[in-house]
Structure formats: C-alpha cells, structure tokens
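Data block below; observations after.
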Amino acid sequence: MQDEQSLVRRAQQLDQAALTQLYEENFDRIYRYIVLKIGDRTEAEDLTQQVFLNALQSIASYKSKGLPFSSWLYRIAHNQIVDHLRKVSRKGSVPLDESLPIPDPAPDMEYEVEMKFEIEEVAMAAKKLTKAQQEVISLRFASELSITECAQVMHKSEGAIKALQHSAIAALRKILSPGQMLAAEVPEVTNE
Amino acid sequence: MNNRKDKKELFDILDEALDRVLKGEDINSVLAGYPQHADELEPLLRTAVDTRNAASIKPRPEFRQRAALEFQKAIQQMPVKAGPAAEKHPRGIFGWGAAWSAAFAVVLVVLLSGTGVVAAASQAMPDNPLYSVKLATESMQLVFTPSEEGKAELISKFNDRRVAEVVNMAEKGMATEISVLNARMTDNMNRMSGLTEGAVNTIMDEQDSMTMATFNAGNAESVEQNTALKAPVMTTAAAPEETYPPQTPVPAATRTPQATTTTSPASTQSPAPAGTQHVPVVTPTITVELPEPTTTTIIEPPPGASLDRNSQNMHDFKANGDDKWEKLKGHLSEKQIKNLRALLAAYQNASDEMKPSILQTIKIIVQGYGLSYSNSSDIFSLLEAYGIPLDQILN
C-alpha cells in the first residue's frame, strides 16, 4: 500500500510515468468488470476509456482513506455504468435480459480463452442476480480481486462478501445450467 | 445458531477451495481436502471456474492501443500545477509548464554537458531514467537551430530515434510506451511538414530573388552580393546507420537574460498533498550562445555564369533550386524507407499483442512523410512483402 500511495501521489502531480503505470495496472480489470456488468463489449470499450479519462480529471481530488486506488476506479466505473444504463432505458432499448438472441461472438475470437460460457451469457445471467451478487461476481471473477479487496471496494465485511459469493455462485449455477438460460428460478431482487 | 455457524463454515470453505482452484489447482484434488462438503462444493466450484474463464476476456488490441493514445494525449493536455497566475498550457518536460521546462532543460543540459551524461542519455530508451535528458537535449537543439530546413532535418533525425525506440519497446512488450512515441512522432510529422514546405518556399523564393536581382543589376558585383543571400539547403547527411546524435556536448552558454531566483507564492497556493515536493518557480541564471547555423549554404553561380537571362548557365543556375528540393525530398524519402524497413521487421517478429501498436507507427511513417516524398511503389512493395494490406495503412 505504501508503494501505491507513493505512486498515486506522483500521479496526482501529473507524473506521466505514474499515471501510465496506474492505467496499465487497472485497465484490463476495469474493462472486464464493465463487460460483465453490461454484456456489450463495444459499449464497454467506450465506458472503459471514459473511466480513465474521468479519473485523470479528478485525480487531484482523490483521497486514499486507507482503500486501494482501484476501489476508487471501480466506483467511477460503477457510476459510469449506472449513467449508461439510465440512458439505455430512457431510449427504450430492450434490456439485455429480455428474450433476445445471444449476441454473436466478437470477431476477434482469437484473443479469447477457450470457454464453456460466452461472456454475454454470463452477463445476461448475472442480471438475474441481486446488485450485490452481481458486484461480487464482477469483482471476483472479472477483475480477479481477492475477498479482502472486494470487501474494501464494496464497504462490506469479508464475511458478508463470502456469503454473497456463495449465494451468487449458487444462483448462477441454476441460471446457467442447461435449459435454464433466460428462465432463471432465482427471483429478481433489485435492492442490494 | 448451529445453522449459521455451519453456513459460515461453508462460506469459508468455498472461498478457500475457490482460491485454490482459481490459482490453477485441479478441482478433484481440492475436493479431496473437503470430503464432507465435496458434493455441495463441486458444482459451485465448476460454475465459478466457468464464470471466471468466460470473464477472462482481453480488450481488443486495437481498442487498447487507441485508448492508451487518448489517455496519453489527455495527460499532455492537463493543466500544469502552478501558482494562481498560471494559465492553462500544455505540460512540458517533467510535468512543468513549457517555459520552465525549456529553461530547466537548458540548465540541465549545460550542467551535464561535458560530463558524458548527455552523451549517455542520447542512447537512452523510454524506460531509462535518462530518457528525459535525451528529450531535453533534443528540445534544446531545436531551439538553437534557426533555419527551417535545419529544424526539419533535426526533427527527421529525432523521428529516426523514435522509430528505434519503438522497435526497442516492441521487443520489451511495452505497448503504452509505443503509444506515447507514436503521439510524439505524429507531432513531429506535423511540424516537419510545415517546416519542409517553408524550406521549399524559402529555396524557391530566394532563388527567384537572386535571379531577379541579378537581371536587374546586370553586373558581376550584384551577382556577388546577391549570392551572399543564404539560400539554405538541407544538409544531406548520409542516411545514418546510427540514429543518435554525434557525441558532442551541447554548446556552452555565453549570453543570457539575467534572471533572479524566485519562489512560488506559497501563501496563495493550496497545500500540496503530504509527501509531495514543492516545485519552486525558478528562473535560472544561464548564459546561452547561439551556435553557428549548421545548415546554411551559399549557392554560387557556376564559374563564368552569364547574366543573360536566356543563357544556358542561368537556366542551370535556376535549376539548382529545383535540385535542392529534389535533394530534400530524396533525403526524406531515404529516411522513410529505412524507418519503414526497421518497423516492418519489428512487426514481423512482434507478438500479436504488440502488432497493432507497431502498425500504428508504420501508418505514421507512411502517411507522415507523405507518399510524394518517396517512390510510392517502393512503399507498396514493402508493405505487400510483409503482408500488410494497404488500406490498413492509408486509411
């Protein structure tokens, strides 16, 4: 944490190397987090870019408060996603969890790992979870944060995160099992 | 109570098992460690692994590179932190304002000249601490080169260095650094095109001035006076094998504006975050001697040149201006092809992740120098030989 604090301080002085390092360290994780949250890779690209541009504009006002720098970025990403989803719903777009065909895989499949599920399937399934469950899934599996880091980002205890992790995985299992796609038995809950 | 305790235990076990699986341990061997919970754990672990695998996507390399470039541009456009009177202007070296960067660069290079550091810095790559000294030296060289053609020559030389740095960064897998270099090269290209256009115009204008003055004056004395007009030409240094400047220190300083050292008005600045350093506003006392112009050449008429406007000699004399432009074009064309070859070789050897970044550099080299500088068929042939579609480069 001490090293990160020093790095962030330099970044706040607009040290190009420090800013670039923070960018490099967090870029992929933020991208995956957003993709899993909204299920659209193209939109996720725009949002990811905007997260870092917003962070750059506000970095002078960033205060650690004992939390890792990434938790601030995830907060920015979260807000970006909320704004995006608001705009999408205002436009009257059909939400992703309606009965839409699963999007075609991205043309650059060569860059992706051989997987059992497509990211879009997981994103659609995740929309059936509670907001907190979605957040844990995104942070643990897309961004590969530890329980401790998730707890810091979500301002919850580690015990609460573990409980959420369990319930989220159990719910996903039901949704993603064969024949259960888009017909989840898990009740839709909107409160965290 | 028992249930809650059991649940908590299950949550802890799941997390523990999950950590091991996500780190690569085989699910069956992990489950063997929890025989009482194996039936419940197994489907959860498999779902978790499948979810993690699905989410392990990477951003498209093209997007990653574009985003990195935009981010670096945004950094450059951030206002410099200074006193309350500071106006917004682009950041300079070390994050200072451009004016202070230039002054500091002069101090730094003058102090370091003769110590071998400046010479050592000339070899530095972007991941080397001395790289900023290298850039500072280049800035100084530009400042002290008065002619447009000289500046264009210098900038094209700096671009050669940037290409070598791109190749080096590609070998090290440092895509972000390449994005920064690409941004610098784009700026250089824009500056160079303005300068070379100016250089061509200068050559042509001065050539015209000389011929007209010669016609009007109609005597040898006028010819002598008028050829003293310095019609500058590009120093056509051989396409260098080395891409670094000669190992000479920057000229020592002899004349300067006097200056005093002042500190920033601390009382009007908001306190810096703990642990940061205050950067005082310092006007260094330096002396600067403008070096002799390096690219000035007097065009003399051929011996025995007739002043008759219809004479063959005068025709040849005027044609010299056209020759100079052709030499300028030829010089840049050689550089373009040389740089393109180096980049194409790097592209061929690069990992898939690095290829888009290098492709962007290739684009800059092809478009920046302009196809008109070189035999475009050479460029097309080279690209084709390396399997790079033209439309990827020209669009």
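Key figures
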{"item": "Heavy-atom accessible surface that A and B bury in contact, both chains counted, 1.4 Å, Å² to 100", "result": "4700 Å²"}
{"item": "Label-to-label distance, nm, for residues given as B:Tyr34 and B:Asp12 (7 Å Cα→Cβ offset)", "result": "1.2 nm"}
{"item": "Minimum 40 Å² accessible area buried by the other protein chains, the range A:2-22 residues, probe 1.4 Å, relative to alone", "result": "A:Arg9, A:Gln13, A:Leu14, A:Gln16, A:Thr20"}
{"item": "Calculated FRET value between B:Asp391 and A:Glu158, using beta carbons and R₀ = 41 Å, to 0.05", "result": "0.15"}
{"item": "Peptide A:144-152, shielding by other chains (average Cβ, 10 Å cutoff)", "result": "1"}
{"item": "Residue-count net charge about A:Thr148 - beta-carbon cut-off 14 Å; Lys, Arg +1, Asp, Glu -1", "result": "-4"}
{"item": "For residues of B:351-361, the mean tally of beta carbons on other chains within 10 Å", "result": "0"}
{"item": "Per-pair calculated FRET efficiency, R0 = 22 Å: B:Ser351 and A:Glu43 via Cβ, rounded to 0.05", "result": "0.20"}
{"item": "Sequence ranges A:135-141, B:45-51, B:178-184, ranked by mean other-Cβ count within 10 angstrom, highest first", "result": "A:135-141, B:178-184, B:45-51"}
{"item": "Given A:Lys87/B:Lys73; A:Lys37/A:Lys63; A:Lys65/B:Lys73; A:Lys37/B:Lys58; B:Lys134/B:Lys157; A:Lys65/A:Lys156, the pairs whose alpha carbons are separated by over 20 Å", "result": "A:Lys87/B:Lys73; A:Lys37/A:Lys63; A:Lys65/B:Lys73"}
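The values are calculated or read from the model by the stated rules, or taken from the named source; none is laboratory data. Quick caveat: nothing in here was measured; it's all calculated off a predicted structure. All Cβ positions, glycine included, derive from the backbone under ideal geometry; neighbour counts span all protein chains shown. Accessible surface is based on the protein model in full, side chains and every heavy atom, while ligands, DNA and RNA are left aside. Shrake-Rupley method; radii C 1.70, N 1.55, O 1.52, S 1.80 Å.
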